[in-house]
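We did not get these values from a lab; they are worked out from the coordinates using the rules stated. Source: prediction; values computed, not measured. For neighbour counting, all protein chains shown are included, and Cβ atoms are generated from backbone atoms with ideal geometry for every residue, glycine included.
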Amino acid sequence: MPYDHQAIERKWRQFYEDNKTFECDTRDFSKPKYYVLDMFPYPSGQGLHVGHPEGYTATDIVARKKRMEGYNVLHPMGWDAFGLPAEQFAIKNNVHPEEFTRKNIAHFKEQIKALGLSYDWSKEFATIDEDYYRWTQWIFVKMFENDLAYVSDIPVNYCEELGTVLANEEVVDGKSERGGYPVKRIPMRQWILKITAYAKQLEEGLKDLDWPKSTIEMQKNWIGESHGVEIDFAVKGTKESFQVYTTRVDTLYGCTYCCLAPEHPLVKKLVSPSQREAVLKYVEEASRKSDLARTSLEKEKTGVALGVTAINPINGREIPIYVADYVLGAYGSGAVMAVPAHDERDYAFARKHDLPIIQVLEGDISENAFTGDAKHINSDLADGLDIAGAKAVITKKLVELGKGREKVNYKLRDWVFSRQRYWGEPIPVAQTEDGKEHAVPVKDLPVVLPKMEDYRPAKDGKPPLSKAPKAWLETTYEGQKAVRETNTMPQWAGSSWYFLRYVDPHNQNVLADKELLDHWLPVDLYIGGQEHAVLHLLYARFYTRFLHDIGVLEAKEPFKRLYHQGMILGANGEKMSKSRGNVVNPDDIVRDFGADSLRLFEMFAGPLNESKPWSTSGLTGSRRFIERVYRLVEDFSDKFSDQNSGELDTSYHSLVKKVSADFEALSFNTAIAQMMVFINDAYKAKTIYRPYLEGFVKMFGCICPFVGEELFEKLTGKKGFDYEPWPTYDESKLKKDEVTIALAINGKGRDTLTLPVGASQEEAIEAAKKSEKAMKHMVGTIRKVIYVPGKILNIIVS
RNA sequence: GGGCCUAUGGCGGAAUUGGUAGACGCGAUAGACUUAGGAUCUAUUGGGCAUCCCCCGUGCAGGUUCAAGUCCUGUUGGGCCCACCA
């Protein structure tokens, strides 16, 4: 029978359904555990993208291998289902986001099942399930109780025309991205999570993770730990002082002015009467610029003098104070000491405002600030020292004076956690009439998102839930009248802990049984896109550490090993998009070529972590290889033998060795190449030892499960290879009696030598002398011989 | 501006971590089978050339080494992230 992928897929999908083949008993601790997880998808209206199967196939291969190796494998799937796109689509098309999202989930699930992925569907949930978001809210309540959630008025981008708050990315040059309406920075009440309380832990925890280097770097960068010194500057003629933060305390003698951020509380307090008007105007203008506009405009350094003087604590020098928006209010203390000679920004500002420049390191400052390392000058006790030495003595002096202290700073800011949107988890808080915020008691969770006809943002910038029915809005807290919080959580909330719920998804009493969490966490292998290198992965780490701290689980880190799949690009090497017309629909591929061909192609196209262009001929090649394997089993059974002739020993045992190692390293393309070599050898062989073919089919079946199951049944009569033992290899079968090594003259490869294993240098040279090719180049006397057994014989002559 | 990654045939990519560069696949060429082949099988396939001999070849320029795609220095192009973080 020829290879009919549709019939085979139908048969084995049914088999998997009927037998619940991949259900995992998470309470079975008798076997070692392996938890392999995909980043759960956001079920968009477009359905599955051909990029999805790439990561999913990779984890599936590992899951299948681990099951055969005797692990109890947890391999679940679920849905990240709250979020803005569904809400926007629903508004546009006048449907309810839940209805729309549930439909998308059903579609995604069907598409994923068609791919032969070995998920345990009994663990499935969506973040929009009340049963799930009850615990998302519970975590928030615990954070609130632990002073990690607070409300604050912070500036947001508000667009009056659109009647809504916009994300930074939606604001371009002070105008809304859509419509081009003006956007104001106005303070608005927001819920904030104090992720900065975990900055240090999140930084330190990175060193124990088996994660891609680039992702670790990005997280480090985002957390932005910096070691420096905080210095007190007194304001002349007042009792006021302010702190500056610097990583270059060694340049303190070169400080010729100070700058405060426009948001700095002392600006309005300190400003001299004559400068008051100009300064207030400047501050007002700065506040109107969005963060984006403030940084994307040309790097011109603007600022206004406050008309007051500060005193440099190291030498008593009197210096002017400015307000300037190149100083960030949210970083450090919102104030800097300016050293124009050795900081490019200060240099530009000083030049523009005609401020003095004092050089304190040797170097050229005629055109630019000098920022390298050199001997200090004009620095009193630090003269002659390099940066490190000067930092040490100046810091010591400041500490003695009580005017400075070492300090660690982080770029990481607290997490704005509220959204003025409908399609998210309601924040489980109620406000009593005295204005106090109270967490909803745990027994009253979940706070169910009310069904609403009109869930558009309210015109005055208030969240859609402010239009919810009174019965929902009005509540009580310990007998007092209260109103519910109408902000919702961001999409991140549900994805920050979902990996915990899978171990115990139906638990009604706790978010998951601690015993199960402690057995299964951390996740052993987590695969997903690099676009989540910072936010999702950082939030998930934050949640896990918090939950550890309140005793929910022992693990401190959620994901032990992380890997990013690359993108599947269009055939033209560009990102797939409708406008480029290079989108490939996985449904078409599965229908015409089969899920196995799609899986094989995506794994063979190149290294998992690199982006690869789509290639129809590559897909055809994959299909061709499957047919070649299929034909071998179907049409050449007269070659099969239960006696091992030894013919395929080396080929098979090196195959098992390579595939075992490559699967572990997620190096699927090279594993597949080796499988092709084996099949080529098998075609050439006179007889094929049947157990070798069975072993091959089990490994091949991890990549192409449908045809793998079919062939395994044909070979063995048994249904389902999924819990069969993983093939083993015999190292002694790999050791040949002879090795082929390279023969080089003067470092240049000239020939190969076939030598007995363990041949001595003398034997090797004897053999080399028989090589005509090499002897041609052996002119002169032998100067040196380098012999690396099993690798190379290099003879140096002159 | 800073950080990280990357560069190998016509194409996707291998290379035991310093040891004959180009595994495997795609594409191409020739042949076999066939009514037919866009199926299958066999052979060849980095470039040059005096064609199985030799020379040149891993973005570019240097260096270390008996030996470099691999290590070091510099440089150019591509990708991703952060971006006035004091």
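To the nearest ten degrees, helix A:690-703 and the longest principal axis of the Cα atoms of chain A are 20 degrees apart.
Taking other residues whose beta carbon is less than 15 angstrom from the beta carbon of A:Ile365, and scoring Lys, Arg as +1 and Asp, Glu as -1, yields -3. Computed extension length for A:Ile550-A:Glu130: 148.9 nm, one decimal, from 0.36 nm per residue of separation with the Cα-Cα distance subtracted.
Helical content alone sets the calculated 222 nm signal of chain A at -11000 deg cm²/dmol, taking -39,500 (n - 2.57) per DSSP H segment of four or more residues and averaging over every residue. In this structure, the residue pairs whose Cα-Cα separation is over 29 Å, taken from A:Lys103/A:Lys123; A:Lys65/A:Lys733; A:Lys560/A:Lys658; A:Lys103/A:Lys714; A:Lys11/A:Lys514, are A:Lys103/A:Lys714; A:Lys11/A:Lys514. Sorting A:371-378, A:463-470, A:113-120, A:253-260 by average packing, meaning the other beta carbons within 10 Å per residue, from highest down gives A:253-260, A:113-120, A:463-470, A:371-378. Overall, the ratio between the Cα radius of gyration of segment A:602-651 and 2.2 N^0.38 Å, rounded to two decimals, is 1.65. Just so you know, the Cα atoms of chain A work out to an Rg and Dmax of 33.5, 104 Å. Seen through its C-alpha gyration tensor, with square-root eigenvalues sorted a ≥ b ≥ c, segment A:25-117 comes out prolate because a/c lies at 1.5 or above while a/b is bigger than b/c. DSSP assigns beta bridges within chain A; of those with both partners inside it, close to 75 percent run antiparallel. Between 0 and 90 degrees, the angle of helix A:52-68 with respect to the longest Cα principal axis of chain A falls at about 60 degrees. If one puts a single equal scatterer on every Cα of segment A:678-764 and applies the Debye formula without solvent, what log₁₀ I(q)/I(0) results at q = 0.13, 0.16, 0.20, 0.26 Å⁻¹? Treating every Cα as an identical point scatterer, log10 I(q)/I(0) equals -0.64, -0.76, -0.95, -1.29.
Packing around the peptides A:705-711, A:329-335, A:80-86, taken as the average count of other Cβ atoms within 10 Å per residue, puts them in this order, highest first: A:705-711, A:80-86, A:329-335. What separates the Cα centres of segment A:399-428 and segment A:250-267 is a distance of 22 Å. The stretch between A:Asp354 and A:Asn93, if pulled fully straight at 0.36 nm per residue, gains 88.0 nm over its current Cα-Cα span. With a ≥ b ≥ c taken as the square roots of the eigenvalues of the C-alpha gyration tensor of segment A:576-686, please select rounded if a/c is under 1.5 and otherwise prolate if a/b is larger than b/c or oblate if it is not? Oblate shape, in that a/c is at least 1.5 and b/c is the bigger or equal ratio. For the listed peptides A:752-764, A:490-502, a ranking on the average number of other beta carbons within 10 Å per residue, highest first, reads A:490-502, A:752-764. The GluC sites (Glu not before Pro) of segment A:428-491 that meet both conditions, a loop assignment by DSSP and at most 12 other Cβ atoms within 10 Å of the site Cβ, are A:Glu433, A:Glu453, A:Glu478. Loop-located chymotrypsin sites (Phe, Trp or Tyr not before Pro) in segment A:540-649 (DSSP state not H, G, I, E or B) with no more than 16 neighbouring Cβ atoms inside 10 Å: A:Phe636. Computed FRET efficiency, Cβ-Cβ of A:Val785 and A:Lys735, R0 35 Å: what is it to the nearest 0.05? The formula returns an efficiency of 0.85 here. Any chance you could check the Cα centroid distance between segment A:1-58 and segment A:106-166 for me, in angstrom? Measuring centre to centre over Cα atoms gives 24 Å.
Please determine, in degrees from 0 to 90 and to the nearest 10, the orientation of helix A:84-93 with respect to the longest principal axis defined by the Cα atoms of chain A, where the helix direction is its Cα long axis. Approximately 90 degrees, to the nearest ten. Less than 5 angstrom separates the built amide H of A:Ser641 from those of A:Ile688, A:Tyr689, A:Arg690, all sequence-distant by 5 or more or on a different chain. Rounded, prolate or oblate: which one fits segment A:713-798, using the alpha carbon gyration tensor with axes a ≥ b ≥ c (rounded when a/c is under 1.5, else prolate when a/b beats b/c, else oblate)? Taking the square roots of the gyration eigenvalues as a ≥ b ≥ c, segment A:713-798 is prolate. The alpha carbon centroids of segment A:442-516 and segment A:770-794 are separated by 77 Å. Taking 7 Å steps out from each Cα toward its Cβ at A:Lys684 and A:Thr728 produces label points 3.0 nm apart. Among the lysines of segment A:288-409, pairs at least eight places apart or on separate chains and with Cα atoms under 29 Å apart come to 21.
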